[in-house]
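Taken together, the values in this text are just the output of simple stated rules run on the coordinates, not laboratory data. Note that the coordinates shown come from a computational prediction; the quantities given were computed from them, not determined experimentally. Cβ placement follows ideal geometry from the backbone for every residue including glycine, while neighbour counts extend to all protein chains displayed.
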Amino acid sequence: MQTFDVVVLGSGASALAAAVTAHGHGAQRVGVFEKADVVGGTSAMSGGMVWIPCNHHMDEAGMGDSRAEALRYLEALSHDKIPRDLAEVYVDVGPEMVRWFEANTPVTFEIVEDFPDYHPEHPGGSTAGGRSLECPLFGFGELGEWADRVSQSRQMGRHVLMNETTLGRGATTIIDRDVLRQREEDDLRGCGQALIGRLLKACLDRGIEPHTNRAATGLVITDGRVTGVRFGPADADVVEARNAVILATGGFEWNQDLIRAFIRGPLQRAVSIETNTGDGLKMAMRAGASLGNMQEAWWVPVIDVPGADGRPLAWMVNRERIQPRCIMVNKAGKRFANEAANYNAFGAAFHQLDPGSFEYMNLPAHMVFDHEYLVRSGLFRYRGEGPVPEWLTAADTLAELADKAGIDGLQLEETVARWNAQVADLDDPDFGRGRSINDTHWGDGTRTAAATLGPIDTGPYYTVAVRPGALGTKGGPQTNADAQVLDLDGQVIEGLYAAGNVMASAMGMTYGGAGGTLGPGMVFGFAAGRHAAEHRGVGLPGSA
Ligand SMILES: Cc1cc2nc3c(=O)[nH]c(=O)nc-3n(C[C@H](O)[C@H](O)[C@H](O)COP(=O)(O)OP(=O)(O)OC[C@H]3O[C@@H](n4cnc5c(N)ncnc54)[C@H](O)[C@@H]3O)c2cc1C
């Protein structure tokens, strides 16, 4: 039987952070086991940003932040769903985690410039940014044969830096073609690829080779303590974990039964890696864990488009729905929210149930925009030239458009007329769109209210259905400050830890800022790895 000090399940950012930290704190034998045939999980497919209040890069840049302000912010967003003790751990350990990785591994971070928090005007929120960090470009050549064994996004496109994208407010349009070509030749990658590439390099440097195609199926529990992991149905395939097992198996967004059982409303599309089927959650449940935050996901509005590989693709409309000359309406033809609100918070709008009709009022929602929108912003690479793609509905008039899409036509005309009248004054008294720095940041780059407000007046007109998607679920076993899993009585289940989307998120229903999911994933991965390394199993040789 293979024996490890610490066994980590999964290979996303939470898992690899836990593995490297465990090794760096004294665990000599660390095993990383991954269900997929590639490593990196959703994390490698992501923007790779981490949201860490009070990080030292802010100090160096002369940007003020404080523990009190960060906690005030989380408290303001909590609606009593964020446990105070975990919020404190997050704010306290986050900066420590960043420093430790920079001092001990190839993982380094820099500020994504000017990226405000997602609710910047809330008490304690940051309007100037600084809390969102990303890794510099990383040369995948350093990974040797592992370079081709990292998960890739079907949505993210080129691996530039977040600082160079329109989201990070950088210079996408002016990155020199030769520079891009050179980067491709050198296999230099940014975003989630850079984060996972660096974490993976840190593992490999320490002799930790992840085991792929190894789906854990159960925990071995001896006298109430987790002592190993089972793979496959047979008891023969077991690895021993002398100190601990760290669950970092992502959420359960690809498991319809678990979604039906727990999630608060429709979750119609998952955009994460398809192997996230709640395996870690089930293991924790069988071990007697108490669960928390089970109704929640990291929500994201998506549209259905065809993928390059022929499979349908759920395309996130995080920036697209915010551009001028575009609104969202329900089938009654009415706007129902500030379209520029943060994507996670927007999920709530999809779950509004009308008590009378007992229908979800805003499901599906419809993005409605004009031809000029397509010319200026484009949508899923379509800029209004050539035949209208199948996934988009077009018409010369709003009435005809509404008819084709099943929207109330008279109301849609009225809604658009009202919208056009109010944006002429560069204001949205109905939903306050354009008043937050968040709205103008994600707009067309002009950074005034006009960055998101503009008339819908130049036909043809277009619409596409928008559905509630998720980056991942965020409920699971409850943990303490060291990421140890707790049982139904609040007692530690010895030898079991959880980090990332598998755990009951310390963020409740909140997404604090860019990096708001990977930040907690890495912080609790770090906490888990450190504690697991330093606490030997009771009764085992060398136990403390
Ligand atoms: C396009 C996109 C952009 C995003 N950008 C950002 C961003 O910039 N910042 C941010 O904070 N968040 C971002 N997110 C969300 C973020 O990527 C996820 O929330 C995060 O990666 C979850 O990390 P994790 O470690 O918990 O899980 P994952 O990275 O999904 O890793 C879980 C791993 O566990 C493995 N696994 C599952 N079951 C088993 C098993 N039984 N045995 C072994 N292994 C198993 C899975 O195969 C998977 O590899 C983005 C998401 C997407 C899709």
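Worth a mention:
- Fewest-first ranking of CYS326, CYS54, CYS135, using other Cβ atoms within 10 Å as the exposure measure: CYS54, CYS326, CYS135
- Pairwise inverse Cα distances across the stretch 236-386, averaged and inverted, put the Kirkwood hydrodynamic radius at 18.2 Å.
- Net charge over other residues, Cβ less than 14 angstrom from the Cβ of ASP279 (K, R count +1; D, E count -1): +1
- Residue-count net charge about HIS25 - beta-carbon cut-off 9 Å; Lys, Arg +1, Asp, Glu -1: 0
- Burial ranking of peptide ranges 115-126, 446-457 (average Cβ count within 10 Å, highest at the top): 115-126, 446-457
- Placing a label point 7 Å from the Cα of VAL375 along the Cα-to-Cβ direction, the residues of the stretch 429-456 whose backbone N falls under 16 Å of that point are 454-456.
- Between helix 177-186 and the chain: long-axis angle, C-alpha atoms, 0 to 90°, nearest 10: 20
- At R0 = 45 Å, FRET efficiency that the Cβ-Cβ distance of THR127 and ALA236 yields, to 0.05: 0.20
- The separation of the stretch 413-487 from the stretch 162-213, counted between C-alpha centres, amounts to 28 Å.
- Across the alpha-carbon set of the stretch 215-325, the Rg to Rh ratio works out to 1.09, Rh being the Kirkwood radius.
- Electrostatic bookkeeping for ILE322 treats Lys and Arg as +1 and Asp and Glu as -1; over the other residues with beta carbon under 9 Å from its beta carbon, the sum is -1.
- Distance between the stretch 252-318 and the stretch 56-80 - C-alpha centres, whole angstrom: 29
- Restricting the stretch 473-539 to chymotrypsin sites (Phe, Trp or Tyr not before Pro) that sit in a DSSP loop and have at most 12 other Cβ atoms within 10 Å of their own Cβ leaves nothing.
- Directionally averaged shadow of the stretch 2-159, computed from the convex hull of its alpha-carbon atoms, nm²: 11.3
- Per-selection Kirkwood Rh - the stretch 72-157 (Cα, Å, 1 d.p.): 15.8
- Paramagnetic reach from ASN104 (point 7 Å along Cα→Cβ, amide N under 20 Å) across the stretch 156-199: 195-199
- Qualifying trypsin sites (Lys or Arg not before Pro) in the stretch 454-544, DSSP loop, other Cβ atoms within 10 Å at most 11: none
- Cross-link pairs LYS334/LYS404; LYS35/LYS201; LYS81/LYS331; LYS404/LYS474; LYS35/LYS474 - those with Cα-Cα distance over 26 Å: LYS81/LYS331; LYS404/LYS474
- A simple spin-label model places pseudo-atoms 7 Å from Cα toward Cβ; at ARG447 and GLU359 they are separated by 4.4 nm.
- Label-point gap, in nm, between GLN152 and GLU113 - each point 7 angstrom along Cα→Cβ: 3.0
- Mean shadow area of the chain over all directions, Cα convex hull, nm²: 25.1
- Rg/Rh for the stretch 391-544, where both radii come from Cα atoms and Rh is the Kirkwood radius: 1.24
- Across the stretch 10-22, rounded Karplus estimates of 3J(HN,Hα) from the backbone phi angles (6.51 cos²θ - 1.76 cosθ + 1.60, θ = phi - 60°) give x, 9, x, 4, 5, 5, 5, 4, 5, 5, 5, 5, 4 Hz, Gly and Pro being marked x.
- Axis angle, to the nearest 10 degrees, between helix 518-534 and the longest C-alpha principal axis of the chain: 0 degrees.
- Cα-centre dipole for the chain with unit charges at Cβ (Lys and Arg positive, Asp and Glu negative), debye to 20: 720
- Square roots of 5 times each gyration tensor eigenvalue, C-alpha, the stretch 327-418, largest first, Å: 24, 17, 12
- Compared with the dominant Cα axis of the chain, that is its longest principal axis, helix 84-104 is turned about 70°.
- Added length on full extension, which subtracts the Cα-Cα distance from 0.36 nm per residue, ASP59 to VAL492: 152.3 nm
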